[in-house]
1. Filter the stretch 35-57 for residues that are among the hydrophobic types (A, V, I, L, M, F, W, C) and at pLDDT 95 or above and give the result.
2. If Ser174 satisfies all but one of (1) surrounded by 12 or more Cβ atoms within 10 Å (Cβ to Cβ); (2) in contact with a helix residue (DSSP H, G or I) (Cβ under 8 Å, 6 or more places away or on another chain), what's the number of the condition it fails?
3. Any residue in the stretch 5-30 that's at pLDDT below 85: show its pairings with residues that are surrounded by fewer than 10 Cβ atoms within 10 Å (Cβ to Cβ) and of a type in the set (Lys, Arg) at Cβ separation under 7 Å, as long as the two are six or more apart or on different chains.
4. Kindly indicate which of Leu168, Leu158 is surrounded by 18 or more Cβ atoms within 10 Å (Cβ to Cβ), within 19 Å of Ile75 (Cβ to Cβ) and of a type outside the set (S, T, N, Q).
5. So which of Lys148, Lys83, Lys69 is closer than 20 Å to Glu52 by Cα and of a type in the set (D, E, K, R)?
6. For Tyr133, are the conditions met, namely being within 23 Å of Asp50 (Cβ to Cβ), in the same structural domain as Met62 (by TED's automatic domain parsing) and not in a loop (DSSP other than H, G, I, E, B)?
7. Evaluate the following for Leu142: is it in contact (Cβ under 8 Å) with a residue 24 or more places away in the chain, surrounded by 13 or more Cβ atoms within 10 Å (Cβ to Cβ) and of a type in the set (A, V, I, L, M)?
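The values are calculated or read from the model by the stated rules, or taken from the named source; none is laboratory data. What you see is a predicted model; the values in this text were computed from it and never measured. In this analysis, Cβ positions are derived from the backbone assuming ideal geometry, glycine residues included, and neighbour counts consider all displayed protein chains.
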Amino acid sequence: MGDLLKYIKVAIPDELEEKVRSKAGVLYGARKGSLSRSVTDALFNWLTPDPEIYIGTISNGMSFEVPEKLIPGLIEILIDILKPGNVIYSYLHGENEEELKLSAEEAKSKSRGMTEILSNPTFMAELETASLYTGGDGCFLLEADLNKNQRISIAERLLKQVGIEIQLANDRFSIIVKAGHIEVLY
């Protein structure tokens, strides 16, 4: 960011203004410039593209946003960690619903050659006690009762596939990889 500053006068609702000031104080302290810094950061985030990778925990599982090349690896990791005996893939092919029933080992070994199916916006995988749903574009929702080690292991192993070595300190997190930078929020 350059040294030249521009001033923009905008009108926002009172409730939003209170929340922005409060968040700025939490993030940057109650000092001069914290509001400007907070709004500038928010505008930069708004203008930057979606994250290349997102991994987050939710109350009943995890959510992911990954590039297409990582989808087979995500499936392999989930099979390794959840240890289902069998995996059922279902998806729409044209107007027909297709279903593939595979052993866990078959599903792992075939996943690299199934990127088109795994990327299908109607794809769903049943991993016995867990279900993986997608809406396409690398966005996935895993519904599963995961323990602390499973959540951490899934995230760390997925990031390792793109050369990011990380040790998570907590099992509740949001991880964002954007423009080569990683941000972990607990």
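1. Ile53, Ile55
2. (2)
3. Taking only residues 6 or more apart or on different chains, not a single pair turns up.
4. After ruling out the rest, the residue left standing is Leu158.
5. Selected residue: Lys69, the only one of Lys148, Lys83, Lys69 that is closer than 20 Å to Glu52 by Cα and of a type in the set (D, E, K, R).
6. yes
7. Criteria met by Leu142.
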